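Trainee: Please read through the structure below; I'll follow up with questions.
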Amino acid sequence: MDLAEKLKILSAAAKYDVSCSSSGSNRQNIPGGVGNAAYSGICHSWTDDGRCVSLLKILFTNDCCYNCAYCVNRITSDIPRASFTPEEVIELTISFYRRNYIEGLFLSSAIYRSEDYTMEQLLRTVKKLRGEYKFNGYIHLKAIPGADLKLISEAGKYVDRMSVNIELPSDRGLKLLAPRKKKEIILKSMGGITSYIDQYKEERKLFKHAPSFVPAGQSTQLIVGATPDCDLRIIKLSESLYRSFNLKRVYYSAYVPVSDDPKLPSITNPPLVRENRLYQADWLLRFYGFSAGELLSENNPNLDLELDPKASWALRNLHLFPIEINKADYRMLLRVPGIGVKSAKRIAAARRVGSLGYEDLKKIGVVLKRARYFITCRGKYYGETAFRPDFLRQKLLDKVPADSGGEQLTMFT
Ligand code: SF4
């Protein structure tokens, strides 16, 4: 099989992996080297269904010995198979880079022969790419869960970001759909990467030229909708992953129906609106000081598909609102629907100089379309509706109905 044919198969096979954001690294070029990685915007592109893809986003192989029911690459799937050699991946990366097609490499893999064998191939690729070919662009490498930690730790010296995919949010889901995957093995690999990151960080504090290890951090991916797991379970899992493993990102991937296995839900479209709500809830965990338990509960285990999670939380906690914009603490400002980190900071800074009225908020760039239902300015309420959850909900409802066939919603406005 020629290289172009392999590329066609293995780039198509990689499209289900969404954890390809390439931010967070800053690698300067070296004399005689090729490429550099900047803090932002490296080789992102967005497909029409809203997924982030990079031009050179490939699997090393799709010839998998596992049989995960939800995956197109499972051993029983009747698809064309292909595998690269490390040299072929290097050739593609360097030549694409030189032609300005890409600024980085996202390399994942199915499990061919064994976890260790596959990880060895990935390690050989990135080691040679950095060492012999002096490629200095961004590399995001998938670590193979269950592979020898020595192989994973060696590979981590050459890449910017590493991820180990958890895929299914519960043990029960793994047992049902991916019986060869074990939660404790996946977590052991993640834990190994976290402790290497910490160890190398400490060494760099002592020795300026100590090597770095996965400088852009670790991420993972969760598939949403392949199992009956509720959003509460998913968000709680993400919260504990951020805390325990200091993950940079958890990516959520709406389950794409690729198999008619009766163990899978019979859906025709991926649950993209749910995926988007999970990203919004995740954002609230990371940047707005919310906890999973505030956003969801056993009585309310799934995110509202019609309203973003912050608005939904505010409507369930109306007793905390409206807040007086001149007095509320910063934490509460952040919790007002429609007020983001930037606006909250602007308000906090501006009110130090003088009391703020409604028009003053507009002048400093605070968007009041949603926020006005939850605030007062100098004691006056500008919501122009009854301060009741049903009335406010009606005002806040997104324009795009939840059942509109999976149109991607915006993040916070
Ligand atoms: S191990 Fe990965 S590539 Fe292989 S079947 Fe499972 S999810 Fe697919």
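Trainee: I need the full set of residues from the range 382-391 which are out of contact with any strand residue (DSSP E or B) (no Cβ under 8 Å at 6 or more places or on another chain) and either touching a residue at least 24 places away in the same chain (Cβ under 8 Å) or in a loop (DSSP other than H, G, I, E, B) (or both), in order please.
Mentor: Residues satisfying the conditions are 383, 384, 385, 386, 388, 389.
Trainee: Against the definition (among the hydrophobic types (A, V, I, L, M, F, W, C), surrounded by 19 or more Cβ atoms within 10 Å (Cβ to Cβ) and under 21 Å from residue 131 (Cα atoms)), how does residue 214 come out, yes or no?
Mentor: Working: among the hydrophobic types (A, V, I, L, M, F, W, C): yes; surrounded by 19 or more Cβ atoms within 10 Å (Cβ to Cβ): yes; under 21 Å from residue 131 (Cα atoms): yes.
Yes; evaluated as a whole, the condition is true for this residue.
Trainee: Inspect the range 77-91 for any residue being open to solvent by 10 Å² or more (accessible area, probe 1.4 Å), closer than 24 Å to residue 221 by Cα, near the ligand (Cβ under 9 Å from one of its atoms) and not small (Gly, Ala, Ser) and give the result as yes or no.
Mentor: no
Trainee: List the helices (runs of 4 or more DSSP H) inside the range 108-188, counting only whole elements, that have at least 3 residues being open to solvent by 30 Å² or more (accessible area, probe 1.4 Å) and either modelled with pLDDT of 95 or more or more than 16 Å from the ligand (Cβ to nearest atom) (or both).
Mentor: It comes to 115-131, 149-155.
Trainee: Against the definition (assigned by TED's automatic domain parsing to the domain that holds residue 75, without any contact (Cβ under 8 Å) to a residue 24 or more places away in the chain and aromatic (Phe, Trp, Tyr)), how does residue 97 come out, yes or no? It would help to see each step written out before you state the result.
Mentor: Values: assigned by TED's automatic domain parsing to the domain that holds residue 75: yes; without any contact (Cβ under 8 Å) to a residue 24 or more places away in the chain: no; aromatic (Phe, Trp, Tyr): yes.
Spelling it out, it is not the case that residue 97 is assigned by TED's automatic domain parsing to the domain that holds residue 75, without any contact (Cβ under 8 Å) to a residue 24 or more places away in the chain and aromatic (Phe, Trp, Tyr).
Trainee: Would a scan of the range 329-351 turn up a residue that is crowded, with 20+ Cβ neighbours inside 10 Å, over 23 Å from residue 280 (Cα atoms) and at pLDDT 95 or above?
Mentor: Within the range 329-351, not a single residue is crowded, with 20+ Cβ neighbours inside 10 Å, over 23 Å from residue 280 (Cα atoms) and at pLDDT 95 or above.
Trainee: Same structure again: For residues that are open to solvent by less than 50 Å² (accessible area, probe 1.4 Å) and farther than 26 Å from residue 239 by Cβ, scanning just the range 252-268, find the one that is farthest from the chain's Cα centre (by Cα).
Mentor: 261
Trainee: I'd like to verify a number: residues in the range 352-381 that are under 16 Å from residue 323 (Cα atoms) and either open to solvent by less than 50 Å² (accessible area, probe 1.4 Å) or in contact (Cβ under 8 Å) with a residue 60 or more places away in the chain (or both), how many?
Mentor: Residues in the range 352-381 being under 16 Å from residue 323 (Cα atoms) and either open to solvent by less than 50 Å² (accessible area, probe 1.4 Å) or in contact (Cβ under 8 Å) with a residue 60 or more places away in the chain (or both): 13 in total.
The values are calculated or read from the model by the stated rules, or taken from the named source; none is laboratory data. Small disclaimer: the values here were computed from a predicted structure and weren't measured. Note: ideal-geometry Cβ built from the backbone for every residue, glycine included; neighbour counts use all protein chains shown. Only protein heavy atoms, including side chains, enter the accessible area calculation; ligands, DNA and RNA are left aside. Shrake-Rupley method; radii C 1.70, N 1.55, O 1.52, S 1.80 Å.
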